[in-house]
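Let me begin by presenting the structure, written as structure tokens, before commenting on it.
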Amino acid sequence: MSQSTVKPSKIRWQLLVIIYFACLIAYLDRTNLAVCATYIMDDLGFDRVALGYTMSAFFLGYTIFQIPGSLMSDRFGVRITIALALAWWSLFTIFTPLAWGFISFMVIRFCFGMGEAPLFPGISAFFTRWFSFKEKALANSGMLMGVFFAPAIGPYIVVKLVENFGWRSAFYSFGIAGLAAALVWWWYARETPQQHKNVNQGEIDAVNLGRNEAQIANLAKKEPAPWGKFMRSRQFWAIGIQYSIANYIMYLFLSWIPLYLMEARHMSFQRMGIAAAAPWLCLTAAVFFGGILSDRMVAAGMSKLKSRTALAVCGFAVCMLGLYMGAKAESQATNLIWLSISLGALGTAYVASWAGCQDLGAKFGGSVSAWMNTWGNLSGAAAPVITAYLVNSLGWQGALSATSGFIIIGCIAWFFVRPDKPLVEV
């Protein structure tokens, strides 16, 4: 395939910025519930376990509709899938403060999760069509930076909104922002670079680097993924298992660390809003630099087996150490440092996971990511409730120490992922 001498346009990077903000809003919406936990429990009469169930209702809806979300992306394309996901979950974010009791709160949070489910399978399919093999990890880093920067700034923003306008204002504000993002995406995004009027031949050639004409034509076809073949692959199961561990830890931080810092570490509501940002800032930095490092390792000729697996296993190992040491730490400062190291280290595993989906799935990267995310959010749904019971039985220190032991499973699973061997022909 001949290469154009025209300087490439940068539309794919502009679309990645929209993806970044969509993911930022998605996780700001999730942060609301954790930060407003004490106010919601007081207003609606929930205890800690009841609140854990309402958190899990979101994850249940989100998990059940992961694979249907990927099928939606395969059938209708990434433009409409991502726009509808943004609009749907934003509406149910706005509906959340209108709940009048436990059942209505559960139903609204379930619908919120259902609406957000197609987002990441759609994004994964978008990355396959819009980024070359040398840019996959960096593109996924852009997505993950939005995901993980939200909990860094979210507590501070939510605290200020709650102090000035009440806890319901946070849900209204972020819901409106999500609706705006849906409109921007629908207006500017297209299915492939070839369909976007502002993409020049130089950018098309950059996106299709390493692909022949048949592979380019194959990417544009809308067809169902070979699920039967996938289900018979141990690589397919391994990428799901390792991600279930990563998400369990991440959702423990997202769901309970704000309350942990107040109850176990005796921080004020205002100080927690600042301190809770530290682990997420570390995670955001880790996914950014991890994406750059992973792509450079691949571009330099290192196999995907080594580049992806090494980053993931090292990340899991440091995460396990940090969580255990954080649980044992005596001072607030030492505790926060170790928690930040723990969650930050998980960032390299996240970059490897999402890039690995596109490595394994090729044009069906969205379907592989939906499978992986299903596993991740089954454990995400369990994390709030299991943690609540562990805290009630063992206390905060015992709960975090016990949880750190789960992480070894993620390390072992990565040796079976083999991202250098795609599940389908590229």
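Readers should treat all values here as calculations from the given coordinates under stated rules, not as data from a laboratory. Please read these numbers as outputs of a predicted model, since none were measured by experiment. Note: ideal-geometry Cβ built from the backbone for every residue, glycine included; neighbour counts use all protein chains shown.
Among the trypsin sites (Lys or Arg not before Pro) within region 83-162, those in coil by DSSP and having at most 14 neighbouring Cβ atoms inside 10 Å are LYS134. The slack in the chain from ASP42 to ARG232, taken as 0.36 nm per residue of separation less the alpha-carbon distance, amounts to 63.5 nm. Ratio of Rg to Rh for region 238-390: 1.01 [Cα atoms; Kirkwood radius as inverse mean 1/r over pairs]. Multiplying the residue separation of GLN397 and LYS7 by 0.36 nm and subtracting their alpha-carbon distance yields 134.8 nm.
Suppose we flag chymotrypsin sites (Phe, Trp or Tyr not before Pro) only when DSSP calls them loop and at most 16 other Cβ atoms lie within 10 Å. Which is the longest uninterrupted stretch of the chain? Longest gap between qualifying sites, sites excluded: 101-414. In region 224-299, the alpha-carbon atoms span a convex hull of 149 Å³ per residue.
Within the listed set ALA329, ALA189, ALA117, the Gaussian network model of the chain (springs between alpha-carbon atoms below 10 Å) gives the highest mean-square fluctuation for ALA329. Of the listed values (1) 25.8; (2) 21.5; (3) 30.9, grab the one calculated as Kirkwood radius over Cα pairs in Å from the structure here. Calculated Kirkwood radius over Cα pairs in Å: the matching label is (2). Can you give me the angle between helix 11-35 and the longest principal axis of the chain, using Cα atoms only, in degrees from 0 to 90, rounded to the nearest 10? Rounded to the nearest ten degrees, it is 20. Please find the FRET efficiency linking LEU179 to PHE415, where r is the Cβ-Cβ separation and R0 is fixed at 56 Å, and quote it to the nearest 0.05. So, using R0 = 56 Å, E works out to roughly 0.80.
Note on region 131-243: the C-alpha convex hull projects to 11.0 nm² when averaged across all orientations. Listed by chain and number, the aspartates and glutamates whose alpha-carbon sits under 20 Å from that of LYS229, ignoring those within fewer than 8 places in the same chain, are ASP74, ASP359, ASP420, GLU425.
For each pair in LYS306/LYS363; LYS134/LYS197; LYS160/LYS363, compute the distance between the two Cα atoms and list the pairs where it is over 32 Å. Over 32 Å apart, Cα to Cα: LYS160/LYS363.
The label point for ILE408 and the one for SER303, both projected 7 Å from the Cα toward the Cβ, are 2.7 nm apart.
Each part gets one Cα centre, and for region 350-426 versus region 135-153 those centres are 17 Å apart.
Between the Cα long axis of helix 168-188 and the first principal axis of the chain there is an angle of about 0°, rounded to the nearest 10. Relative contact order, whole percent, for the chain stands at 26, derived from Cα pairs under 8 Å and 6 or more residues apart. Based on the Cβ-Cβ distance of LYS328 and TRP100, what FRET efficiency does E = 1/(1 + (r/R0)^6) give at R0 = 60 Å, to the nearest 0.05? The pair LYS328/TRP100 has a calculated efficiency of 0.90.
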